[in-house]
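The values are calculated or read from the model by the stated rules, or taken from the named source; none is laboratory data. What you are looking at is a predicted structure, and each value in this text was computed from that prediction instead of being measured. Cβ: placed from backbone, ideal geometry, glycine included. Neighbour counts: every protein chain shown. The protein model used for the area step is the full one, side chains on, heavy atoms only, and it has no ligands, DNA or RNA in it. Shrake-Rupley method; radii C 1.70, N 1.55, O 1.52, S 1.80 Å.
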Amino acid sequence: MPKKSSKKQSYAAKDITVLEGLEPVRKRPGMYIGTTGPEGLHHLIWEVFDNSRDEAMAGHADRVEVVLLPDNKIRVVDNGRGIPIDTHKKAKVSALEVIMTTLHSGGKFGGEGYKVSGGLHGVGVSVVNALSEWARAEVHRDGGKYIQEYSRGDRKAKVKKQGKSDQTGTIIAFQPDPEIFQTIEFNWQKIVSRLRQQAYLVKEMRVHIIDAREYEGDIDTESVFWFDELGLSLPSTSFYFEGGLKSFVRYHNEPYKSVQSEIFYLDTTIKKGDDTPQDIGVEIAFQYVDDISTRLFAFANNIYTAEGGMHVTGFKSALTRTINQYARDNNILKEKEDNLSGDDVLEGLTAIISVKLAEVQFEGQTKAKLGSPEARGAVETAFNNALQEYLEENPSDAKGVIQKSILAMRARKAAKAAKDSVLRKGALEGMTLPGKLADCQIKNAEEAELFIVEGDSAGGSAKQGRDNRTQAVLPLRGKILNVERARLDRMLKNEQVKNLVIAIGTAIGDTFDISGLRYHKTIIATDADVDGAHIRTLLLTLFFRYFRPIIEGGYLYIAQPPLYKIEAGKESNYFYTEEEKLKYLKSKGVDEEKASEIKNEGISADEAETSRKISIQRYKGLGEMNPEELWETTMDPSNRVLKQVAIEDAEAANRIFETLMGSDVPPRKSFIQSNAKMATIDI
């Protein structure tokens, strides 16, 4: 038992702190926006945008404009009803002030303000206000224009009417507080990707995004309702989709050939009854393509539920049962054949599931999983009936879908046999790494590292230079298989892939288990040339498609070996970029023009205006380094530079891998043509 403190400590009512107003948000911002890093910063935009989107979802708005302004300001405009500005009976101040400065306030807790909403916790815009050093609300309604400004959640003055207006809607502008966010830098692509998704989910809502951060002229944002009416030539993008979820499916399936002639689409409402305590809107679109991956996106009240939930469970259950029943009834699936599994019918499927509920339950603060049990029954009932009808009315599509699923079933069985063989072999060998791989001595995965290196030469140097207590080395012979469109059975016939699967220890496919991970740092170390980049990309494809939890857990890294070794007299230094090299040479008295000419291995600069001989070695591969150099620059934890691989936007990453590593040439050609000017080419 721990000893009690002999010193008396006060713990009474006077020691209890009560935080008032928005003070709790500033004290514990992570509780409200998850993090004060980049994700939390962008969450401020989502909270304000979601209010405008909810107006559109309720049928009161059809346009939203998001503007990135200088000084890290954001401006969001909609043409909805406008936040109410009349006096709130209980608070005795304008309803606008209540909404902007009070937690758990808004029109989404009951009444007729919103029947369905994504922002159900009522902390949205008030949290944004609390975490902004400056914010401004401008409301147009009832023929007037009303203004209120704030600083760190506190009002600067009462709501004021500033003239007449023939518009209706709300303009929220804010400037994130540097006292809260260490780095304030908005990511254009992240914003575009998120708002594109939302435009798909609300049919006929126009979303316009403008980047005015670099504009150097005067911007009078307070004199216009719509920013684009200023007529400035600025980077921008717009989204408007009449097809809604069908357009969303079409977007994801651009690189592929469709198995169906038409996209399946369902939009219905399951009415409140004995089995359903509330009305539930169910909207589903799907299409099968000639691919082995599954793309399934689920939303509840337009919130992306990355971890699925009850609506996804209902969808999968109805899909598997209905396809099996149709296949049996029409003799496409033979009597002796097993039923198609859930994984079989998901292969090659792109599906969007969206449900809308007045009373919704999420699991966890991040709203990543839908917990409302009635959503499962509603989706299952609605989708089962609609899918049966679709299959009956489209027999050609039905046959194509089922034959694809049967092919997936047969491949699954072949893959299981191949996988069992690989894992059985690993078990018989005591899970020691096969072939030319040298394992480390330590068995604690948290301290163990696996270096995947290119070729026997680099492998030899790495094995000699490593710390064999904690570092294992796996040399690859040539390029591994491109697994982007390869089935598991074919993958596991590839010796390099098979060795890697055994080495990692997590198994693969449906038996993947992250707890079996043998190394908490897997480090890809390839040469700094085109072949090295290709091998690195092939390995990243493998990890992204089959070992994604390793990336998500922060266990995958890319080594950064130096490009140059420069010797000046008795002094020797390594440099990782061309810029570092040039800066160093100029510091040694080599003029800029001469320094730029020195690129090739072994060229001496002793004829330049410096008394000391300078020699430069350009490393084209890890094999050119001796073990001491490789250890000192690339493997020594106290000196090396590693890049941790992360997936900030899984959807965007998925499309990039499909485009660059898939078998369809036109999308890849288009990508290269569009991005060629940004490429850094080492000739």
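A few points about this structure:
- Test: R485 is surrounded by fewer than 19 Cβ atoms within 10 Å (Cβ to Cβ) and either part of a helix (DSSP H, G or I) or touching a helix residue (DSSP H, G or I) at 6+ places or on another chain (Cβ under 6 Å) (or both): no
- Remark: G455 falls outside the filter, which requires a residue to be surrounded by fewer than 16 Cβ atoms within 10 Å (Cβ to Cβ), within 30 Å of L630 (Cα to Cα) and modelled with pLDDT under 85.
- Tally, over the stretch 233-246, of residues that are assigned to a helix (DSSP H, G or I) and open to solvent by 40 Å² or more (accessible area, probe 1.4 Å): 1
- Checked against (1) part of a loop (DSSP other than H, G, I, E, B); (2) within 27 Å of V355 (Cβ to Cβ), T269 passes all but condition (1).
Conditions tested, residue by residue: (1) part of a helix (DSSP H, G or I); (2) more than 24 Å from I292 (Cβ to Cβ); (3) in contact with a Gly (Cβ under 6 Å, 6 or more places away or on another chain).
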{"residue": "E446", "(1), (2), (3)": "no, yes, no"}
{"residue": "A458", "(1), (2), (3)": "yes, yes, yes"}
{"residue": "L481", "(1), (2), (3)": "no, no, no"}
{"residue": "K498", "(1), (2), (3)": "yes, no, no"}
{"residue": "T506", "(1), (2), (3)": "no, no, yes"}
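- Pairs are defined by a Cβ separation below 6 Å, a sequence spacing of at least 6 or placement on different chains, a first member in the stretch 134-157 that is open to solvent by 50 Å² or more (accessible area, probe 1.4 Å), and a second member that is of a type in the set (K, R); the pairs so defined are E149/R136; E149/K156.
- Enumerated strands (runs of 3 or more DSSP E) restricted to the stretch 118-232, each holding at least 1 residues that are under 26 Å from Y304 (Cα atoms): 132-141, 169-176, 206-211
Matching residues to (1) within 20 Å of P373 (Cβ to Cβ); (2) in a helix (DSSP H, G or I):
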{"site": "D291", "(1), (2)": "no, no"}
{"site": "F299", "(1), (2)": "yes, no"}
{"site": "T313", "(1), (2)": "yes, yes"}
{"site": "L319", "(1), (2)": "yes, yes"}
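- Cβ-Cβ under 8 Å pairs, at least 6 apart or on other chains, the stretch 372-397 side over 19 Å from F299 (Cα atoms) and among the hydroxyl-bearing types (S, T, Y), far side modelled with pLDDT of 95 or more and outside any helix (DSSP H, G or I): Y390/F264
- Looking across the stretch 323-337, the residues that are outside any helix (DSSP H, G or I) and surrounded by fewer than 17 Cβ atoms within 10 Å (Cβ to Cβ) come down to N330, N331, K334, E335, K336, E337.
- In the stretch 218-226 there is no residue that is touching a residue at least 60 places away in the same chain (Cβ under 8 Å), under 23 Å from V282 (Cα atoms) and open to solvent by less than 60 Å² (accessible area, probe 1.4 Å).
- Number of the exception - E307 against (1) in contact with a helix residue (DSSP H, G or I) (Cβ under 9 Å, 6 or more places away or on another chain); (2) in a loop (DSSP other than H, G, I, E, B): (1)
- Residues (within 20 Å of E133 (Cβ to Cβ) and either in contact with a Lys or Arg (Cβ under 8 Å, 6 or more places away or on another chain) or open to solvent by less than 30 Å² (accessible area, probe 1.4 Å) (or both)) located in the stretch 180-215: I180, F181, F186, A212
- When residues of the stretch 610-641 are limited to those that are within 11 Å of P562 (Cα to Cα) and not in a helix (DSSP H, G or I), the one modelled with the lowest pLDDT: K620
- Residue check, D513 without any contact (Cβ under 8 Å) to a residue 12 or more places away in the chain and either polar (S, T, N, Q) or open to solvent by 20 Å² or more (accessible area, probe 1.4 Å) (or both): yes
- Counting only residues that are touching a helix residue (DSSP H, G or I) at 6+ places or on another chain (Cβ under 9 Å), under 22 Å from L201 (Cα atoms) and not hydroxyl-bearing (S, T, Y), the stretch 261-278 holds 7 of them.
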